[in-house]
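Quick notes on the structure that follows.
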Amino acid sequence: GVGMGMTAPVSITAFPAEDGSFQQKVKVSLWIPSQFQDNPPCPADESIKIEERQGMTIYSTQFGGYAKEADYVSYAAKLKAALGSDAAYRKDFYLCNGYDPPMKPYRRRNEVWFVKE
């Protein structure tokens with residue numbers, strides 16, 4: 001019953017299939033605003049979980065526009081190619097992040113993150 005507004009980034013955890021596309025399973029994560037960090041309201045919907053994300057080191061690439069699944073898959077492939085075979089990162093998932101509200105038409109920011117092992 002508490003409105004918290006929209007936060008950024010909206011983070012989608014993608015679990016890539018063999019061909020690089022998203023599997024049916026994805027996890028969408030929203031940041032809890034700072035005023036609710038110490039005592040977040042309990043979700044009424046059981047499918048919503050509160051998780052604390054630990055600090056991490058990431059490899060990242062950024063791109064603009066209205067991001068679709070194909071864009072995230074494409075930029076993940078470009079990031080993978082740029083890193084080569086020597087970089088150690090989690091291969092079982094990556095994070096797709098959008099920073100802008102839907103009504104913002106220009107200078108949109110999206111990122112793909114690989115989590116360093």
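The values are calculated or read from the model by the stated rules, or taken from the named source; none is laboratory data. Just so we're clear, the structure is a prediction, and the values are computed from it rather than from any experiment. Cβ placement follows ideal geometry from the backbone for every residue including glycine, while neighbour counts extend to all protein chains displayed. Heavy atoms of the whole protein, side chains included, go into the accessibility calculation; ligands, DNA and RNA do not. Shrake-Rupley method; radii C 1.70, N 1.55, O 1.52, S 1.80 Å.
Legend: distances between Cα atoms for 27/116; 49/104; 49/80; 49/78; pairs beyond 25 Å are 49/104; 49/80; 49/78.
Under 14 Å of direct C-alpha separation, and excluding same-chain neighbours fewer than eight residues apart, residue 68 reaches these aspartates and glutamates: 100, 111. For residue 91, a cut-off of 12 angstrom between C-alpha atoms picks up these aspartates and glutamates, skipping any fewer than 8 places away in its own chain: 18, 117.
Each peptide in 40-50, 82-92 was scored by the mean count of other Cβ atoms within 10 Å over its residues; highest first, the order is 82-92, 40-50.
Could you work out how much longer the chain between residue 36 and residue 71 gets when fully extended? Use 0.36 nm per residue separation minus the Cα distance between them, nm to one decimal.
Values: separation 35, 0.36 × 35 = 12.60 nm, distance 3.27 nm.
In short, 9.3 nm is gained.
Could you work out the local net charge near residue 56, counting Lys and Arg as +1, Asp and Glu as -1, over the other residues with Cβ closer than 11 Å to its Cβ?
Taking every Cβ under 11 Å from that of residue 56, the sum is +2.
Here the simple spin-label model places points 7 Å from the Cα toward Cβ, and for residue 92 and residue 57 these points are separated by 2.1 nm. Taking every DSSP helix (H) stretch of at least 4 residues in the chain, weighting each as -39,500 (n - 2.57) and dividing the sum by the residue count yields a mean residue ellipticity at 222 nm of -4000 deg cm²/dmol. Summing charges over all other residues whose Cβ lies under 11 Å from the Cβ of residue 99, with Lys and Arg as +1 and Asp and Glu as -1, gives +2. Rounded to the nearest 10 degrees, the angle from helix 69-83 to the longest Cα principal axis of the chain is 50 degrees. Judged by the ratio a/c of the largest to the smallest principal axis of the C-alpha gyration tensor, the chain counts as prolate, that ratio being 1.5 or greater while a/b is larger than b/c.
Heavy atoms of the protein chains alone define the surface here; on that basis the chain has 71 Å² accessible area per residue at 1.4 Å probe size.
When a 1.4 Å probe is rolled over the protein heavy atoms, the share of accessible surface on the chain that falls to carbon and sulfur comes to 52 percent. Each peptide among 108-117, 2-11, 60-69 gets the average number of other Cβ atoms lying within 10 Å of its residues, and from highest to lowest they stand as 108-117, 60-69, 2-11.
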